[in-house]
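The values are calculated or read from the model by the stated rules, or taken from the named source; none is laboratory data. Please read all numbers here as calculations on a predicted model, not as lab measurements. Backbone-built Cβ (ideal geometry, glycine too); neighbour counts: all protein chains shown. The accessibility values were calculated without ligands, DNA or RNA, using every heavy atom of the protein model including side chains. Shrake-Rupley method; radii C 1.70, N 1.55, O 1.52, S 1.80 Å.
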Amino acid sequence: MTDIGKFLSDIQRIKKHDRQNHSGNPDYNRIFRDLNSLFLRSTSCPADLARSVFEYWENEYVFSSQNQKEEPSEENSQKLAAILAFLEDSDEFQSVLTQKDWQELRDLVNYEAEDLPVDILQSLMRVLVEKGAY
């Protein structure tokens, strides 16, 4: 199993344990800290960029969901996995990201560029150029 696959499994595990501990009633507000922590642990990117992209994902996909308590949905979990894959220089799930996502990721990378190690910045910029974000 790839790291991204394990990440998706860990999301499902967090959701499952929360439901088990709360009579089958899901609630994103109870698990968001665990998801954020999982995301930060799963990436080798500096924490400021990782926090920023997680916050973007949460605002764009979770908080706009019609059924927020059930989040993250399978689709939104895959979007978060795609963002993680981007940060980790993997192309897994990247096809689920929209042009708007790529442009937002570009803006977030640009904002954090000064504090990113050069090798990570080059890798991220290469993908952003390939995806037409520039």
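Tabulated data
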read-out: Hits in the range 1-27 - residues which are open to solvent by less than 100 Å² (accessible area, probe 1.4 Å) and hydroxyl-bearing (S, T, Y); value: T2, S9
read-out: Within the range 52-76, considering residues that are of a type in the set (D, E) and crowded, with 18+ Cβ neighbours inside 10 Å, the one nearest to D119 (Cα to Cα); value: E58
read-out: Residues within the range 28-51 that are open to solvent by 30 Å² or more (accessible area, probe 1.4 Å), farther than 18 Å from D89 by Cβ and not acidic (D, E), tallied; value: 7
read-out: Number of the condition not met by D91 [criteria: (1) assigned to a helix (DSSP H, G or I); (2) free of Cβ contacts under 8 Å to residues at least 60 places away in the same chain; (3) within 27 Å of V118 (Cβ to Cβ)]; value: (1)
read-out: Search result, residues across the range 48-70 that are modelled with pLDDT of 95 or more and either aliphatic (A, V, I, L, M) or within 21 Å of G5 (Cα to Cα) (or both); value: L49, A50, R51, V53, F54, W57, E58, Y61, V62
read-out: Check on E92, charged (D, E, K, R), open to solvent by 40 Å² or more (accessible area, probe 1.4 Å) and closer than 16 Å to L40 by Cα; value: no
read-out: In the range 96-119, the residues that are part of a helix (DSSP H, G or I), surrounded by fewer than 18 Cβ atoms within 10 Å (Cβ to Cβ) and more than 14 Å from the chain's Cα centre (by Cα); value: Q99, K100, Q103, D107, N110, Y111, A113, E114, D115, V118, D119
read-out: Inter-residue pairs, beta-carbon under 6 Å, first free of Cβ contacts under 8 Å to residues at least 24 places away in the same chain and in the range 12-30, second outside any loop (DSSP other than H, G, I, E, B) and of a type in the set (K, R), 6+ apart; value: D18/R30
